[in-house]
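Inspection log for the structure reproduced underneath, given as structure tokens.
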Amino acid sequence: AYVPNEGSGTLSVIDTATDQVVADIAVGAKPRGTAISPDGKTAYVSDQPNAAVVVVDLAERKRSRAIAVGASPEGVGSSPDGRWVVAAVEETNEIVFIDTRTDAKAFAVKVRGQNPEHAVFSPDGRTVFVSAEDGQAVDIIDVAKRAQVAQIPVGVRPRGIAFSADSRRAYVAAETSNEVYVIDAQQFTVLAKLKAGLRSNGVVLHPDGSRLYVSNGGDATVSVIDLATGSALATIAVGQRPWNMAITPDGRKLYVACGRSASVSVIDTEKNTKITDIPVGKLPWGVAIR
């Protein structure tokens, strides 16, 4: 698991077998969004003050280069086939597409939402969903058309985005509304709203599609929502200001970045209990797992 630490300028590397930090990689001034290439060899990390996405060699555990993308990049996502990396660039309201064959900016798509934070590919690679902090909608980019094709109204301050494995559903947390919006990702309509905790932001779907995990920044918890019923199965106490999260491919452990605690909380998803807190750098922003 890889954890960008905004306050330390590092990427912490966690061994998920032992839940210990095994390395800290210097990546930039304020790292935020992080995406791992499908082959596990490369990390792409946004560096907000330097207006760049930093390329990290994970075998050598060192920064290899920086790609200029525009002022204040935040969320970073990778296409399922590894061809594209996208960066949400806040100041220009653009989603920049990086061609991983050349590690260079290929094109950018202007979105309608202000201050985009997350840009996430659907599992089929056809669309990118974008949440904008200063909007009440999700922008939809058609990758083949290289253009925005739809906008879906949601609650105030949309944040984290997760998809079902079949690309038919998307889940978007609205921080100020304390809700998660369930979206038909084919028809671009809202299907339902799920109640979450205070200042809900990060969302992760269990690999089997049965449960949704929502980090609640205002009350230091993670909500576990049964998607069959839409009700909460459990509320798990974690560190302060839980933010973005990632789950292991087998679905057994959830890693939650807790910004104000300078730690990552690890959750046993079978027991719905916290296993441990792992000290990392200052202000961890999120977690990425291959």
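Legend: calculated FRET efficiency, Asp219 to Asp81, from the Cβ-Cβ distance at R0 = 45 Å, rounded to 0.05, equals 0.70.
Heavy atoms of the protein chains alone define the surface here; on that basis the chain has 39 Å² accessible area per residue at 1.4 Å probe size. Remark: segment 111-229 projects, on average over all directions, an area of 6.4 nm² (convex hull of Cα atoms). Where in segment 99-114 does the label zone of Ala71 land, with the point 7 angstrom along Cα→C-beta and an amide N cut-off under 18 Å? Once the point is set 7 Å along Cα→Cβ of Ala71, 109-114 turn out to lie under 18 Å by backbone N, inside segment 99-114. Residue separation of Ala29 and Ala59 scaled by 0.36 nm, minus their Cα-Cα distance, works out to 8.6 nm of gained length. By the rule of a C-alpha distance below 19 Å, with chain neighbours fewer than 8 residues away ignored, the aspartates and glutamates paired with Lys274 are Asp15, Asp19, Asp219, Asp226, Asp250. Magnitude of the charge dipole for segment 130-265, about its Cα centre and with charges confined to Cβ atoms of Lys, Arg (+1) and Asp, Glu (-1), is about 200 debye.
Spacing of the modelled spin labels on Lys145 and Glu91, each 7 Å from Cα toward Cβ, amounts to 3.0 nm. Near Ala196, the amide H atoms lying under 5 Å from its own belong to Glu179, Val180; only residues 5 or more places off or on other chains count, and H is placed 1.01 Å from N. Over the C-alpha trace of the chain, radius of gyration and Dmax come out as 17.1, 47 angstrom. Shape summary: segment 190-268 maps onto an equivalent ellipsoid whose semi-axes, from the alpha-carbon gyration tensor, are 19, 15, 9 Å in decreasing order. Segment Thr235..Asp39, full-extension length gain: 67.1 nm, with 0.36 nm per residue of separation and the alpha-carbon distance subtracted.
Most fluctuating residue of Val190, Val27, Val238 in a GNM of the chain with Cα springs under 10 Å: which is it? Comparing Val190, Val27, Val238 in the GNM, the peak value goes to Val190.
Taking the chain as a Gaussian network of alpha-carbon nodes connected by springs under 10 Å, the highest mean-square fluctuation of the residues Ala52, Ala26, Ala173 belongs to Ala26.
The phi-based Karplus calculation (6.51 cos²θ - 1.76 cosθ + 1.60; θ = phi - 60°) puts the 3J(HN,Hα) values of segment 264-269 at 10, 8, 10, 10, 7, 7 Hz, whole numbers, x for Gly and Pro. On a 26 Å Cα-Cα criterion, which of the cross-link pairs Lys62/Lys105; Lys41/Lys253; Lys30/Lys110; Lys41/Lys145 come out too long? Table pairs above 26 Å Cα-Cα are Lys41/Lys145. Using only Cα coordinates, the Kirkwood hydrodynamic radius of segment 163-209 works out to 10.9 Å.
Contact order for segment 14-102, expressed relative to its length and based on alpha carbon pairs under 8 Å spaced 6+ residues apart, stands at 21 percent.
Ligands, DNA and RNA left out, the 1.4 Å accessible surface of segment 1-153 is 42% carbon and sulfur atoms. To the nearest 10, the accessible area of Leu283 is 70 Å² with a 1.4 Å probe. With all protein chains in place and ligands, DNA and RNA left out, the 1.4 Å accessible area ranks Arg241, Arg252 as Arg252, Arg241, largest first. In this rough spin-label picture, where each label sits 7 Å from Cα along the Cβ direction, the Thr276-Asp226 distance is 3.2 nm.
For the chain, calculate the relative contact order in percent as a whole number, restricting contacts to Cα pairs under 8 Å that are 6 or more residues apart. In percent, rounded to a whole number, it is 12. Remark: accessible surface ordering of Tyr255, Tyr2 (largest first) is Tyr2, Tyr255, probe radius 1.4 Å. Summed over all non-identical Cα pairs, the Kirkwood treatment of segment 53-117 gives a radius of 12.2 Å.
The values are calculated or read from the model by the stated rules, or taken from the named source; none is laboratory data. Model, not experiment: these values are computed from the prediction. Cβ coordinates were reconstructed from backbone atoms using ideal geometry, including for glycine residues, and neighbour counts include every protein chain displayed. With ligands, DNA and RNA removed, areas are computed over all heavy atoms of the protein, side chains included. Shrake-Rupley method; radii C 1.70, N 1.55, O 1.52, S 1.80 Å.
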